[in-house]
Structure formats: C-alpha cells, structure tokens
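**Student:** Structure incoming, see below.
The values are calculated or read from the model by the stated rules, or taken from the named source; none is laboratory data. Please read all numbers here as calculations on a predicted model, not as lab measurements. Don't worry about glycine lacking a Cβ; one is built from the backbone with ideal geometry, like all the others, and counts go over all protein chains shown. Surface areas here come from the heavy atoms of the whole protein model, side chains and all, with no ligands, DNA or RNA. Shrake-Rupley method; radii C 1.70, N 1.55, O 1.52, S 1.80 Å.
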Amino acid sequence: MTVWRPSQQIRVKVIGLAWRKDQLLAAEVEDDGGRIKGVRPLGGAIEFGESREEALHREFREELETDIRIVGPWHLLENIYEHHGAIGHEFIFAADIELTDGSLYERDEIRYSELDETAATARWFGRDSLRDAGIDLYPTGLDRLLSRWRD
C-alpha cells in the first residue's frame, strides 16, 4: 500500500464532474489503513505550461483512457486540509464533463491505475449513499457547489 502525504506547496488541480443522472463519478480516497474515508471526482495536477482544459483532457485519457467534453462553466475551489497530520493546500478548477466512452456510464465500478501505477477505483455516487455510509466528498466546498445535486 502506498502511503500518501500532501505536498508542502500550493498545488493547482482540475477535476471533472461526470454525471450519470444524479450520480457523480468519484474515486475512493483511502486512509493509511486502506479504509475508504471519502471520494473525490477524477482529475489531477495542472502541469507547468498546460492550460486547465488541456490538463483535464490529459488526466481522463491517462486514468480512464477516454476523451471528454467540457460542458459546463469552470468553478474555483480553495482547499486547505489535513491528512494524517500533514497540511495540504490546493486550488481546484472544476467543470461538468461528458465522457466520450459511453460504456463507462454502464459500469458501476471502474478500476484504473494512477500514473504512478497505484490501483484506484471510481464509482457512481449519489448524495444519499455517501451520507448513509459516512463518506466525505472532497475537496472541501464541492458539496456546496453541487447545489443541484438532489437530496
């Protein structure tokens, strides 16, 4: 198991908000013991010289091997958080997207590998299923942004 700690620098990231009706596609976030403590939409860091659009397209090609269409406006979130005693700080650009590989919408569980070959799992989550399971939605503030998400 890979032990992850936040970078001690401010990071700039992108996430894509892919929807299946009222379910959001999100990857599981585990603690050091392998317990799922939250979920986060897919995406990643913007590389130097790369636009947010280019970064979002690249991340989905790397992670799910699919192209995307950006179908909504950009939103900006600031996330200052703690993970196992380490503080992280990131700015995240988020936009609604559509996956061009329609078969991904039919799968309840999508297994993939991060660029560093860490195994990851994404699923379609409804707000109630997260709340009932006591699972947090990351990054902080995303839940408020998703006001259209039905209770």
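**Student:** Just need a number here: residues in the stretch 38-69 that are over 21 Å from GLY141 (Cα atoms) and among the hydrophobic types (A, V, I, L, M, F, W, C).
**Tutor:** Residues flagged as over 21 Å from GLY141 (Cα atoms) and among the hydrophobic types (A, V, I, L, M, F, W, C) within the stretch 38-69 amount to 5.
**Student:** Among the candidates SER147, SER129, single out the residue that is among the polar types (S, T, N, Q), outside any helix (DSSP H, G or I) and at pLDDT below 85.
**Tutor:** Criteria check complete, one pass: SER147.
**Student:** Only one of ARG61, ARG52 is free of Cβ contacts under 8 Å to residues at least 60 places away in the same chain, within 15 Å of the chain's Cα centre (by Cα) and more than 22 Å from GLU78 (Cα to Cα). Can you tell me which? Outline the logic, then answer.
**Tutor:** Details: ARG52 fails: more than 22 Å from GLU78 (Cα to Cα).
Going through ARG61, ARG52 in turn, the sole match is ARG61.
**Student:** From the residues in the stretch 114-151 that are among the polar types (S, T, N, Q) and within 14 Å of the chain's Cα centre (by Cα), which one is farthest from GLU62 (Cα to Cα)?
**Tutor:** The residue in question is THR140.
**Student:** Out of contact with any helix residue (DSSP H, G or I) (no Cβ under 7 Å at 6 or more places or on another chain) and modelled with pLDDT of 95 or more, is that true of LEU76?
**Tutor:** Yes, satisfied.
**Student:** Would you confirm whether any residue within the stretch 127-145 is out of contact with any strand residue (DSSP E or B) (no Cβ under 6 Å at 6 or more places or on another chain), among the basic types (Lys, Arg) and buried (at least 16 other Cβ atoms within 10 Å of the Cβ)?
**Tutor:** The answer is yes, given that some residue of the stretch 127-145 is out of contact with any strand residue (DSSP E or B) (no Cβ under 6 Å at 6 or more places or on another chain), among the basic types (Lys, Arg) and buried (at least 16 other Cβ atoms within 10 Å of the Cβ).
**Student:** Within the stretch 96-122, take every residue that is in a strand (DSSP E or B), closer than 26 Å to THR140 by Cβ and open to solvent by 60 Å² or more (accessible area, probe 1.4 Å) and give me the one that is modelled with the lowest pLDDT.
**Tutor:** Across the stretch 96-122, the extreme among qualifying residues is ALA119.
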